[in-house]
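Just below is one structure, and these are the notes that go with it.
The values are calculated or read from the model by the stated rules, or taken from the named source; none is laboratory data. Please read all numbers here as calculations on a predicted model, not as lab measurements. All Cβ positions, glycine included, derive from the backbone under ideal geometry; neighbour counts span all protein chains shown.
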Amino acid sequence: MLTLVVQILLVVGLMFVGRALFEIRGALELQRSETLDRIEELARQSEAVAVEHRALHEEIMRLRGYVTSRTSEDVLFLKIMVAKPRLEVEVAREIARHVKTYATLYEQDPDLVLAMIDVESDFNPQIVSYMGATGLMQVMPQWRKVLAIQEELTDIETSIKYGLQILGFYREMYKDLEVALTAYNRGPGAVDAALMRGSDPKNQYAPRVLERYAYFRALNGNLSREG
């Protein structure tokens with residue numbers, strides 16, 4: 001009789017434990033489901049925040065680029081007017097605009113371009129040398145055919161655009177700024193001949209440009225303090 005009672009108690013106990021385990025399992029499954037739902041919701045929220053962050057970052061970069069572009073052009077204009085106070089304002093503004101555009105396009109420092117213009121033409125778009133070099137960047141007439149130049153070299157944009165193409169060509173060829181500037185002034189033939197002889201091809205042109213380059217770069221601090 002005692003054995004039967006024990007067996008009944010065991011059965012009842014097992015049923016109770018089984019039911020408890022079933023309820024615990026159900027609760028755990030529900031909790032797991034709720035946790036997964038919460039994780040998915042957090043993932044969606046995180047993605048939404050990331051999208052908003054990317055959009056905000058892109059907008060900030062766009063506005064920063066616009067402001068930087070405008071500021072750079074204005075700063076270039078101010079530098080020109082500081083260096084050449086008698087230059088016509090509209091001419092200075094046009095030079096600044098095209099220097100900014102083509103220096104950016106051809107990956108050249110705008111201050112270096114201003115220095116070259118200063119040395120080459122003293123910011124006079126109409127100047128023509130006795131050798132026929134024309135305009136702000138004193139582009140030689142033989143480049144017309146090489147670069148298929150249709151516009152007048154006295155045109156401000158044309159002179160800056162093709163002058164920087166030529167400078168970029170020499171910088172790629174010689175991998176040295178001073179030698180590239182020398183080639184711009186003397187021509188690659190004279191530079192190559194000097195290099196073949198083992199002599200220094202540089203004349204006084206590159207140092208003059210670099211001196212003016214340092215001058216225009218130094219104006220950055222002066223203009224910032226004035227601003």
Residues of the range 139-164 classified as closer than 23 Å to PRO207 by Cα and surrounded by fewer than 18 Cβ atoms within 10 Å (Cβ to Cβ), total:
1
Scope the range 79-106; condition touching a residue at least 60 places away in the same chain (Cβ under 8 Å) and assigned to a loop (DSSP other than H, G, I, E, B); matching residues:
TYR106
Single match in GLU157, GLU151 (criterion: closer than 20 Å to SER121 by Cβ and touching a Ser or Thr at 6+ places or on another chain (Cβ under 6 Å))
GLU151
Of ARG97, ARG144, ARG186, ARG197, the only residue that is of a type in the set (Lys, Arg) and within 30 Å of ASP74 (Cβ to Cβ) is ARG97
Among the residues of the range 198-221, count how many are at pLDDT 95 or above and over 29 Å from ALA83 (Cβ atoms).
0
Return yes or no: is LEU136 in contact (Cβ under 8 Å) with a residue 40 or more places away in the chain, assigned to a loop (DSSP other than H, G, I, E, B) and surrounded by 14 or more Cβ atoms within 10 Å (Cβ to Cβ)?
yes
Qualifying residues in the range 81-115 (those that are more than 17 Å from TYR215 (Cα to Cα) and among the charged types (D, E, K, R)) - the one surrounded by the fewest Cβ atoms within 10 Å (Cβ to Cβ)
ARG86
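Yes or no, residue by residue, for (1) touching a Cys at 6+ places or on another chain (Cβ under 8 Å); (2) small (Gly, Ala, Ser); (3) farther than 28 Å from GLU94 by Cβ:
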| position | (1), (2), (3) |
| --- | --- |
| ILE127 | no, no, no |
| LYS145 | no, no, no |
| ILE166 | no, no, no |
| LYS175 | no, no, yes |
| ARG186 | no, no, yes |
| ALA193 | no, yes, yes |
| ALA206 | no, yes, no |
Which members of the range 154-166 meet the condition of being under 28 Å from the mean Cα position of the chain (by Cα) and either farther than 21 Å from ILE80 by Cα or part of a loop (DSSP other than H, G, I, E, B) (or both)?
ASP155, GLN165, ILE166
Does SER224 qualify as being in a helix (DSSP H, G or I) and either closer than 28 Å to ARG93 by Cα or modelled with pLDDT under 95 (or both)?
yes
So for the range 195-203 (the condition being buried (at least 16 other Cβ atoms within 10 Å of the Cβ), over 26 Å from the mean Cα position of the chain (by Cα) and among the hydrophobic types (A, V, I, L, M, F, W, C)), does at least one residue qualify?
no
Number of the exception - VAL128 against (1) over 19 Å from ALA206 (Cα atoms); (2) of a type in the set (A, V, I, L, M, F, W, C); (3) surrounded by 18 or more Cβ atoms within 10 Å (Cβ to Cβ):
(3)
